[in-house]
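Let me begin by presenting the structure, written as structure tokens, before commenting on it.
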Amino acid sequence: MARPRQFDEENAVTSATHLFWRRGYHATSVRDLGDELKLTPSSLYRTFTDKHTLFVRALDRYRATESLEARRRLDATDRPVREVLREWLLWLVTCPADGESGRGCFVVNTATELGTTDEKVQQRTEAAFEVTRQALRSLLAEGRDHGELSGDLDTDAAAELLFTTVLGLRVRERAGHDLEHLTTAIDFAIRTLGPAPAASC
């Protein structure tokens, strides 16, 4: 009979996620993972095959939690669109995971580190980015359709602008830039959506 594992595999993936998030893929060694997960190298390879496989699982874990939480916040369309956008953008730069600030976004960090050099990883980062883009497009379209935003607003272009702003905010948060400056950028980005349409008599 197979010997039962003496650890929780899902908890191990969670721990690996936080380690990769802090240090990145290349700077995290198998020894580092073994120390963090309390596994010998042989046990780690037996359970997860290799470092890359574990990294992909860690990225999937992050997407299933942090990325979907962002989309949930953008789905809150029972409030004014600009308010939802501002609160979400501020949340991105003021909600350190486990109280640890300056880590940025694991997906953005991974995209900037590995770029297009890893097909499996790129598929996942692009999928995560598209979730954000689609959530932005939907929110903007709803604001336009309900008269909160201009009827001639190009929601696709506006979503791309806001998405690019998101990436910049994530990088600047990781670089430790002052929140006041980030808030200034957020408020200006929202103003680019234009003034609210005048109420009809």
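All of the numbers you see were taken from the coordinates with simple rules; none came from a lab. This structure is a prediction, so every number in the text was calculated from the model and none was measured. For neighbour counting, all protein chains shown are included, and Cβ atoms are generated from backbone atoms with ideal geometry for every residue, glycine included.
The Rg/Rh ratio for the stretch 1-75, using Cα coordinates for both the radius of gyration and the Kirkwood hydrodynamic radius, is 1.05.
The mean sequence distance of close C-alpha pairs (under 8 Å, at least 6 residues apart), as a share of the length of the chain, puts its relative contact order at 22 percent. Treating r as the C-beta distance of residue 56 and residue 157 and R0 as 25 Å, the FRET efficiency rounds to 0.15.
With both labels modelled 7 Å from their Cα along Cα-to-Cβ, the residue 23 to residue 117 distance reads 1.8 nm. Legend: P(r) of the chain from all alpha carbon pair distances, 10 Å bins from 0, whole percents, reading 8, 31, 29, 18, 9, 4, 1, 0.
List every DSSP H helix in the chain whose Cα atoms extend 27 Å or more along the helix's own long axis and whose mean Kyte-Doolittle hydropathy is at least -0.5. Both cut-offs are met by 155-174.
Solvent-free Debye calculation, one equal scatterer per alpha-carbon of the stretch 117-201: log10 I(q)/I(0) at 0.23, 0.24 Å⁻¹ equals -1.12, -1.15. In a simple Cβ point-charge model (Lys, Arg +1; Asp, Glu -1; nothing else charged), the stretch 24-176 has a dipole of about 500 debye relative to its Cα centre. Label-to-label distance, residue 164 versus residue 35, with points set 7 angstrom from Cα along the beta-carbon direction: 4.1 nm. Counted by Cβ distance under 13 Å from residue 155, the other residues give a net charge of -4, where Lys and Arg count +1 and Asp and Glu count -1.
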